[in-house]
Each structure stands twice: as C-alpha cells, then as structure tokens.
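The values are calculated or read from the model by the stated rules, or taken from the named source; none is laboratory data. Since the structure is predicted, the reported quantities are computational estimates derived from the model, not experimental observations. Methodologically, a virtual Cβ is constructed for each residue, glycine included, from the backbone with ideal geometry; neighbour enumeration extends over all protein chains shown. Each accessible area value is taken on the protein alone, full model and side chains, heavy atoms only, with ligands, DNA and RNA left out. Shrake-Rupley method; radii C 1.70, N 1.55, O 1.52, S 1.80 Å.
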Amino acid sequence: MHFLNTIALSREQLDQLIESALRFKRGDDRSQPLTGKSVALVFFNPSLRTRASMQVGIYELGGNAVVLEPGATSWTLEHREGVVMDSDKTEHVAEFVRVLERYCVAIGVRTFAALKNWDEERMDPVLNAFARYASVPIINLESATHHPCQALADMLTIREKLGAGRKRVVLTWAWHPKPLPMAVPNSFALAAAQMGHDLVIAHPAKYELDEELIETSRRLASAAGGSLEITNDIDEVFSGAEVIYAKSWGSKQFYGNSEQETITRAQYRRKWIVDEEKMARTNAGIFMHCLPVRRNVIVTDEVIDSSASVVVDEAENRLHVQKAVMARIFNRT
Ligand code: CP
C-alpha cells in the first residue's frame, strides 16, 4: 500500500511505472483517478521540485493537494512512541495522521535526516511513524534514507536519453561545503541496480553508503544482469561512462559532528567536482543531478550548461513518475 522505497518493487513493476510515466508524459494517459479526492503533502523541509510537481500532478489526476508544513503552517510534530510531550512538540503523528486520513486518501511526507544519530536515522523513524499509524497510503517524498520518486525520475531519464538496456552508470560523490543526507544516492544506487545497469560508485574513503543498502543493491544488480563496483578514485570512473550522476553526502563516521567533517572534507574540494575535462573522458556521457545544485561546487557552469546536462528534463520527469505512482496506488484501491 505505501510507497516508501523501491526495494519491494520487481523489475517488471519498475518497468511498468516507467511505461506509465511515459504515457502520462506523451499525453496518451489522461486518466483522473484522484477526481473528487484530496492528497496531503507534509513538508518538514524545503522543496521546489517535489512540492510543485506533486501539486501539479495531483491536480492533473483530478485531485486536490493539501500542503502542510509542521512547525510552520501546522503544529510541531512528535513521532516517538511513549514520550512525555512536555517540550517543543505540540501534536503527535498518531493524531495528525488519523485526523488527516479522514480528509485525504493519501499522505506524502518529506522528512530529511537531521544528521545527528546514524543508528536512529538509518531506520527512517519519522517516515515509518507515518506508515505505522496510517491506514491510507504514505508516499515518500524524501526521507532520511530514501528518495524513491527521484530515483524513478532518474531511471526514466536514463531510458529516454540512452534507450532501454544496460548502461555504464557512475554515481560520484562531490565536495559540498556541508554534509548532506544520503537519501538520493541510496535510492539512485538501488534503482540503478534494480534496472540492471553497470553501476560504479565513486567516493572518498570514509564516505561509504549504508552497508546493508550496498549489499542489497549488489544482490539486485546481479539478479538483474548488472553489476556494482565501488572505488575511492574519481579519476578512474569517467572513462567510458554513459551516465555521470553527481551528488554530495555526509560521512557516517562524522555523523553528528559536522564541524569536524567540514574540516576533513576540505581536502576534496578541488578534485571531487564534475568538470569538462572529466566529462570529455566519458562515452558521450550525460550529466545528471537531482537539483538543487551548487554551481562551480558540485559541477562547473560549462558542464551543467552543456548539451550533456539533462538536469531539467530529470526534474520534469518527477511530475510524470509521481503521476504514475499515484495512478498505480489509486487504480488498485
Ligand atoms: N530533487 C528534489 O527533491 O528537489 P526539491 O528538494 O526541490 O524537491
């Protein structure tokens, strides 16, 4: 019922979602499974693409979006069970969800990692609290550990730009002035593996993604006829690559200690950036990023403004895949 990540989806189901998104994009599917229905969108964190594309997508499917921002346009929310709520949280997710589902047929949730406690946050506590209390579908709009709508849009973009089939895909870490969550690289790695691509993940030492996520991705890549390699050498990965996906993320080893991490990662600034010289070594590779992106930090102006860059198409595809996800949910229920 819920759409929390892509792990439980088969390759066939992923292909069906991508085909459905393409039908929406071409205008071949104009169905409106949300007619007369409302969908809540709960944003604990800022957003441009997710918020706008979900609101537009719900409207185009015939429905109405109810946007809530806990702590700003709705009450501050507690998600832990059994706590004495005598601090700064006004309402519990239990009541928030149970009330909201009397009005809305699904709830989308954006809740980033706070980058404070790795063992807790890798379990996605806020998103899972919503899923636990809800009797309507919960749609993950980027949680502490996953951003499945982004990953689906990424897989659709690769398919559109390069055609179906196995591609040489590079997910490269990039320097950023502060540590960022791992949801996007986690979901991209997982989905690329599920689609059977040959995925290479490049990051400096100490920037390993979650071990369980990597093992799952490795197993799924192998089952889908693809592969997964990991390297600490950015120089070796561009040669022959068909997709360069850049993203920064924080180190598990410095979790909760962003000041120390910022000092340590400074050494990577000059080298871990996507520039023209690196892109020239690819096999006519496309440049991808989920956006927002810091120009001349993650990627140079020359690359993001070049014909190799597909970042805006990738953002557009968020709309089409999310319509496909909602149509799948509501055509079934
Ligand atoms: N890529 C993405 O989720 O963008 P927003 O944070 O702007 O929604």
Once the convex hull of the C-alpha atoms of region 258-315 is built, how many Å³ does it hold per residue, rounded to a whole number? 91
Restricting to Cα pairs under 8 Å and 6 or more apart, the percent relative contact order of the chain works out to 20
Which value, in Å², gives the accessible area per residue of region 222-333 when a 1.4 Å probe is used on the protein heavy atoms? 46
In degrees from 0 to 90, rounded to the nearest 10, what is the angle of the helix 311-332 Cα long axis to the longest principal axis of the chain? 40
Solvent-accessible ranking of Tyr207, Tyr59, largest area first, probe 1.4 Å: Tyr59, Tyr207
Structure shown: which of Lys252/Lys323; Lys116/Lys178; Lys206/Lys247; Lys116/Lys323; Lys89/Lys206 lie over 23 Å apart, alpha-carbon to alpha-carbon? Lys252/Lys323; Lys116/Lys323; Lys89/Lys206
5 Å is the cut-off here: which amide hydrogens, built 1.01 Å from N in the peptide plane, fall below it relative to Val66, excluding neighbours closer than 5 in sequence? Val39, Ala40, Leu41
Near the amide H of Ser74, under 5 Å away, which other amide H atoms are found, from residues 5 or more places off or on another chain, if H is placed in the peptide plane? Glu69
For region 78-121, take the convex hull of the Cα atoms, compute a quarter of its surface area, and give me that in nm², please. 4.2
Mind checking Rg over Rh on region 1-125, alpha carbons, Kirkwood formula for Rh? 1.01
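In debye to the nearest 20, how big a dipole does region 74-169 give about its Cα centre with +1 on each Lys and Arg Cβ and -1 on each Asp and Glu Cβ? Write out the running numbers ahead of the final one.
Numbers: 13 positive and 14 negative charges, 152 e Å.
Here the size comes out at about 740 debye.
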Along its principal axes, what span do the Cα atoms of region 66-220 show, with the longest given first and each in whole Å? 51, 35, 28
Here region 2-19 yields Karplus 3J(HN,Hα) values (6.51, -1.76, 1.60; θ = phi - 60°; whole Hz; Gly and Pro given as x) of 6, 10, 9, 6, 9, 4, 7, 7, 6, 4, 4, 5, 4, 4, 5, 5, 5, 4
Measuring with a 1.4 Å probe in the full set of protein chains, what accessible area per residue, in whole Å², belongs to region 47-127? 55
Using modelled backbone amide H atoms (1.01 Å from N, in-plane), which distant-in-sequence or interchain residues come within less than 5 Å of Ile298's amide H? none
At a Förster radius of 25 Å, what calculated FRET efficiency corresponds to the Cβ-Cβ distance of Arg23 and Asp313, to the nearest 0.05? 0.90
Give me the percent of Cα-Cα pairs in the chain that sit more than 35 Å apart, rounded to a whole number. 20
Computed over region 132-228: relative contact order in percent, which uses C-alpha pairs under 8 Å that are six or more apart: 29
Computed about the Cα centre, the charge dipole of the chain from +1 Lys/Arg and -1 Asp/Glu charges at the Cβ has a magnitude in debye, to the nearest 20, of 600
For region 161-302, rounded, prolate or oblate, judged on the Cα gyration tensor with a ≥ b ≥ c (square roots of eigenvalues), a/c < 1.5 rounded, else prolate if a/b > b/c? oblate
Between Thr35 and Ala223, what length comes free when the chain is fully extended (0.36 nm per residue of separation minus the Cα-Cα distance, one decimal in nm)? 63.8 nm
Which percent of the accessible heavy-atom area of the chain goes to carbon and sulfur, probe 1.4 angstrom? 48
From the phi of every residue in region 151-156, what ³J(HN,Hα) in whole Hz does the Karplus formula 6.51 cos²θ - 1.76 cosθ + 1.60 yield, where θ is phi - 60° and glycine or proline is x? 5, 5, 4, 5, 5, 4
